[in-house]
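Derivation of every value follows stated rules applied to the coordinates shown; laboratory data play no part. Predicted model, so just to flag it, every value in this text is computed and none were measured. Neighbour counts are summed over all protein chains in view; Cβ atoms, including those assigned to glycine, are modelled from backbone coordinates with ideal geometry.
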Amino acid sequence: MRAFKTIAFASLLASPIAVATPGAMAAVAMDCDVAILGGRVMDPETKFDAVRNVCVRDGKIAQMTENEITGVETIDAKGHVVTPGFIDTHHHGAGNPWGVKASLRDGVTTPLDLEMGVINVDGYYAERDGKWPVNYGAGVSHEFHRMRVLDKIDISEPAHGDDFGRLRNESYKENDTPDWAVTRASLEQLNEMLANMDEDLKAGALGIVSTTGYMDKGVTTLELFNVQRVAANYGRLYASHVRLLGNTSPPTEGTLGAFEQIANGVALNQPLLLSHNNNAGWWEVEEHLQLLRKQGYNVWSEYYPYTCGSSTIGSEFIKPENIGALNLDYTNLIDPRSSEKMNREIYDKIVAEDPAYIIILCLPAREEWLPMWLSVPHMTVAGDQMPPVDETGNRLGWNDPFEAYNGHPRSAGTHAKTLRLARELDVPLMQVLAQNSYWSAKHLGDAGIEAMKVRGRLQEGMAADITIFNPETVTDNAGYKLGTNGLPSTGIPYVLVNGVAMVKDSEVQDSARPGQPIRYPVENTGRFKPLEKEGYLKNLLGGAIPVPHGMHGAGDHVGEQR
């Protein structure tokens, strides 16, 4: 009998950060726009770790030196870590000013939505051009394009993560059914969706992103493969909340959803991001990703450092016929407006009145896993920030207080919490900094996004996105109790975005808009070719071979599987 090697969690946790030798540093002092003095400079790409003065000029890191420097603005960083600004690839509040403000206090300089995504991409970028406090970017929303075609919702204006609750509610109005979630597309509908997504990719979107786990009854395997292919035509990433996420028993284990996405990505040689891989079976998924990276594939995953998640109450996976597959019941749900546990009676009442109502869902098994995630290589920190609303469901704005937010605390405290946990659990700080910045920048840069090749690093010549924190005191303060949900992180007194201090002495500034677009170049010609039944089968048979008479029926399910 063939001997099999024992797979230990330790093998997943011990892979080192890549080491490079920093370039020689200039010894000449210079005048700077911002002089950051005496901080512990930590760069997770090169593993450089030493006290230096950092000179910021024209939005870039101009110099790192032991010599004296002067600047128009000076920051005393003694006793603090100076590191690349944090990058969050899963941020549904990135289109909302309050969400941006909370994330700046959490050290985030580049929040991106690579799970829900946006629709009408050109308009999304135009709305923020020269007007946004942080860097901004997103993928094309699979969910929103399904809503536009299947639920016939008029989404003629740009929509983003801040709009998903409103649009999910609207999807019930036509026929009391959220077709985006449960209805299979016909071939004509699928072609319409794919062509529309291609238009958004032409406009420079970062890839196609999907909430597949919320619409697994409607999205066939063929649809998912072709959605991924539309992005792969441009060499761009696919990122997704996989189907079956959280299911714990055969034949519907959540790992199967991840493996579906991975198999498609490998077949298409596509950059691949698995959204919040922090449920049962995450260790299997991470082993697959590590093996694929060794073969040269650009694949990685995310986690957020909480044992409770969040969703809309009408989501398919927590309906009565489905919640048992998660080994959960309705007492695992928390109402963020009352901070109290729910039950079936409360669930039934709220879901009938407001299926887009935000709830919190706690998974006890994560208590054991969370400390492990801090040490997994290429498992990046992403907050999955929820749309910022108050206790009545009204949208928050820039001037609303942090205490007004009602929802999951991950919207305010994700990144500082990983720094606190690393301190308490004795996880190397450089590892957690790589999770918060470098690995996201590396993978996105490797996918050809030029703006990410100069972020996630603290090196001369890189963009001056910089987070400065006190390693002994940095902490999250947001909790599950109403009134504490949005309390800002502390111990992060300075955050620079493209060389502009947007947080000073722990106060978010409202005097500048230095954010830059994270975007591919706009293209004039699309790359999508519509699916059609006869051609599909001819391609499978080598192109020139006629389709055998008995196989014509096989094409009937291209785009509309049984």
Going residue by residue through the stretch 533-539, the Karplus relation 6.51 cos²θ - 1.76 cosθ + 1.60 with θ = phi - 60° gives ³J(HN,Hα) values, rounded to whole Hz and with x marking Gly or Pro, of 4, 5, x, 4, 6, 4, 4
Amide H contacts under 5 Å for residue 515, restricted to residues at least 5 apart in sequence or on another chain and with H modeled in the peptide plane, are 132, 134
What ranking, highest mean first, results for peptides 207-217, 507-517, 240-250 when packing means the other Cβ atoms within 10 Å averaged over each residue? 207-217, 240-250, 507-517
Using only the Cα atoms of the chain, what do you get for the radius of gyration and for Dmax, in Å? 23.4, 81
How far is helix 187-202 tilted off the main Cα axis of the chain, in degrees rounded to 10, range 0 to 90? 20
Sequence order, the stretch 178-183: Karplus ³J(HN,Hα) from phi using 6.51 cos²θ - 1.76 cosθ + 1.60, θ = phi - 60°, Hz rounded, Gly and Pro as x, gives x, 4, 4, 9, 10, 9
For the stretch 90-158 and the stretch 353-400, distance of Cα centres in Å: 17
Can you list residues from other chains, or at least 5 along the same chain, whose modelled amide H is less than 5 Å from the amide H of residue 380? 301, 302, 303
Stretch gain in nm, segment residue 523-residue 348, where the contour uses 0.36 nm per residue and the Cα spacing is subtracted: 58.2 nm
Where in the stretch 365-387 does the label zone of residue 424 land, with the point 7 angstrom along Cα→C-beta and an amide N cut-off under 19 Å? 365-376, 381-383
What FRET efficiency, computed as 1/(1 + (r/R0)^6) with R0 = 51 Å and r the Cβ-Cβ distance, is obtained for residue 176 and residue 74, rounded to the nearest 0.05? 0.25
Going highest first, how would you order 391-398, 268-275, 309-316 by mean Cβ packing within 10 Å? 268-275, 309-316, 391-398
List, in order, the whole-Hz ³J(HN,Hα) value for each residue of the stretch 91-105 obtained from phi through the Karplus relation with A = 6.51, B = -1.76, C = 1.60 and θ = phi - 60°; use x for Gly and Pro. 9, 7, x, 5, x, 10, x, 5, x, 5, 4, 5, 6, 4, 5
Compute, for the stretch 495-543, the length of the dipole vector about the Cα centre, with Cβ point charges of +1 (Lys, Arg) and -1 (Asp, Glu) only. Units Debye, rounded to 20. 340
Go ahead and estimate [θ] at 222 nm for the chain from helices alone: -39,500 (n - 2.57) per DSSP H run with n ≥ 4, summed, over the residue count, rounded to 500. -8000 deg cm²/dmol
Going by amide H atoms built from the backbone, whose H comes under 5 Å of the H on residue 405, apart from near neighbours? 486
In the chain, taking the dipole from +1 charges on Lys and Arg beta carbons and -1 charges on Asp and Glu beta carbons about the Cα centre, the listed residue (90, 155, 378) farthest towards the positive end is 378
Work out the FRET efficiency for residue 472 and residue 510 from their Cβ-Cβ distance, taking R0 = 25 Å, and round it to the nearest 0.05. 0.30
Pop the C-beta distance of residue 263 and residue 291 into the FRET formula with R0 = 22 Å and round what comes out to the nearest 0.05. 0.95
Mind checking the alpha-carbon convex hull of the stretch 308-362 and giving the volume per residue in Å³? 68
The chain: Cys lacking any partner C-beta under 4.7 angstrom: none
